[in-house]
Every structure is written in C-alpha cells, then in structure tokens.
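The values are calculated or read from the model by the stated rules, or taken from the named source; none is laboratory data. Just so you know, these numbers come straight off a predicted model, no measurement behind them. Backbone-built Cβ (ideal geometry, glycine too); neighbour counts: all protein chains shown.
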Amino acid sequence: MCLGIPGEVIALSDADLATVSVNGVEREVSVGLLKDEGVAVGDWVLIHVGFALSKIDAHEAALTLDQIKKLGQTWNDEIDAFSQTAIR
C-alpha cells in the first residue's frame, strides 16, 4: 500500500529539496512540485514516494497522522520504508 504522509519541513536546500520530519524520522524530499506555492521551514506537506505533493495545515497533518497510525502494521511498514530510502 502506498500512503501520502504528512511531514513538517525542518530545513530547505537550494536544489528543490527539503528535510522533513515524519514521526521523528528525518528525510530529504523533493519540493519542486510546490515551487509556485513556496515552501518554508515549519510548513507541513503531504509526501508520496519522495515528493511533497501539497501543503497542508498543522491541524490536518495531525488528524491525518492519527488516522494513519491506526493502520497498525501498515503504518510501521510505511515509516520503516520512509526512513530507509532517499532522493538521489
């Protein structure tokens, strides 16, 4: 199963990449699809396969993370995969 998961932007680079934190796991993702909207440290983004697809507010991020965590092992598998992959 593929999930879009919320992550908080904690750092930006100059190459359309951002470091995001998802449940304490930090990972670099592409924010190039959000150039027109602009992304800043502290923003929440919805991430799928290493790309930030949209900006979401903190409340929506919290609700989404809460619901995803209820998936149990699927959530564990997704967060494990998230922590072991990288954009190159």
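Of the strands (runs of 3 or more DSSP E) lying entirely inside the range 1-77, those containing at least 3 residues that are surrounded by 12 or more Cβ atoms within 10 Å (Cβ to Cβ) and in contact (Cβ under 8 Å) with a residue 40 or more places away in the chain are 5-12, 25-30, 44-48, 51-56.
Which of the residues belonging to the range 37-52 are under 13 Å from LEU17 (Cα atoms) and either of a type in the set (A, V, I, L, M, F, W, C) or modelled with pLDDT of 95 or more (or both)? Correct list: VAL39, ALA40, VAL41, VAL45, ILE47, PHE51, ALA52. When the range 10-69 is filtered for residues that are among the aromatic types (Phe, Trp, Tyr) and farther than 18 Å from ALA81 by Cα, only TRP44 remains.
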